[in-house]
1. What figure in square angstrom, to the nearest 10, would you give for the accessible area of residue 207 with a 1.4 Å probe?
2. As an exercise, use a Förster radius of 22 Å and the Cβ-Cβ distance of residue 196 and residue 46 to find the FRET efficiency, rounded to the nearest 0.05.
3. Mind checking the per residue accessible area of segment 20-89 for me, 1.4 Å probe, whole number of Å²?
4. So how exposed is residue 205, as accessible area in Å² (1.4 Å probe, rounded to 10)?
5. Ignoring everything but the protein chains, give the 1.4 Å probe accessible area of residue 107 in square angstrom, nearest 10.
6. Kindly rank 155-163, 190-198 from highest to lowest mean number of other beta carbons found within 10 Å of each residue.
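The values are calculated or read from the model by the stated rules, or taken from the named source; none is laboratory data. These numbers come from a predicted model, not from an experiment. Using ideal geometry, Cβ is built from the backbone for each residue, glycine included, and neighbour counts are taken over all protein chains shown. Ligands, DNA and RNA are stripped out before the accessible areas are found, and what is left, the full protein with its side chains, is counted by its heavy atoms. Shrake-Rupley method; radii C 1.70, N 1.55, O 1.52, S 1.80 Å.
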Amino acid sequence: MGTEEPAGMERRWARRSFERAAASYDAAAVLQPEIGQRMLERLNYIKLAPSRIVDAGCGTGKLTRQLRARYPAAMMVALDWALGMLRQSRRREPWWKRWRPGSGLAHVCADMERLPLQAECADLLWSNLALPWCNDPERVFAEAYRVLRPGGLLLFSSFGPDTLRELRAAFAADRRIHVHAFVDMHDLGDMLVKQDFADPVMDMEMITVTYAALP
């Protein structure tokens, strides 16, 4: 008998975990802001003037606010599947922006695999480390292709199969699944090509995080 839980069950558990962690998430997150900053630096080399941006998997909205500052004329859609995260994102907006009609920001609670957005409505779809929580990356890319206008940009980050390899090795003896099986970037690149994305560029960086003691 296998020990792996159904994928739907795992996603429900993950969503509940993000809901519970929303209030303290920023204090604990280390890699997310670091990788997000590196993604922002990539935009320095891309000629883009988006009129609408979708931040898919926006979390507490830290990078949403930086994207808004970078593209102040753009309409921003902050999207996350955890309502608690969206509430934190909204609380961090200045009160005069939070309640002003036509402020250029919409918060949407939805799944990246089923975006409640019309076709060809966005120029930039941005997603920082949300892809690993999706069961079907191909479906995510299909949705991204659908909502992006011709010439639009999909910019995302994810973890590779070497992530948490030490932890995976430590748990190998009990034959249970404790660590996410992350998708190889070459496979993600093939999925992008399959969805007709033009000229996909995949880049890999190794980031090592060390701890003084076990938590």
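1. Solvent-accessible area, nearest 10 Å²: 70 Å².
2. 0.65
3. 47
4. Rounded to the nearest 10, that gives 90 Å².
5. Spelled out: residue 107, probe radius 1.4 Å, area about 60 Å².
6. Numbers: 155-163: 17.1, 190-198: 14.6.
Ranked from most to least packed, the peptides come out as 155-163, 190-198.
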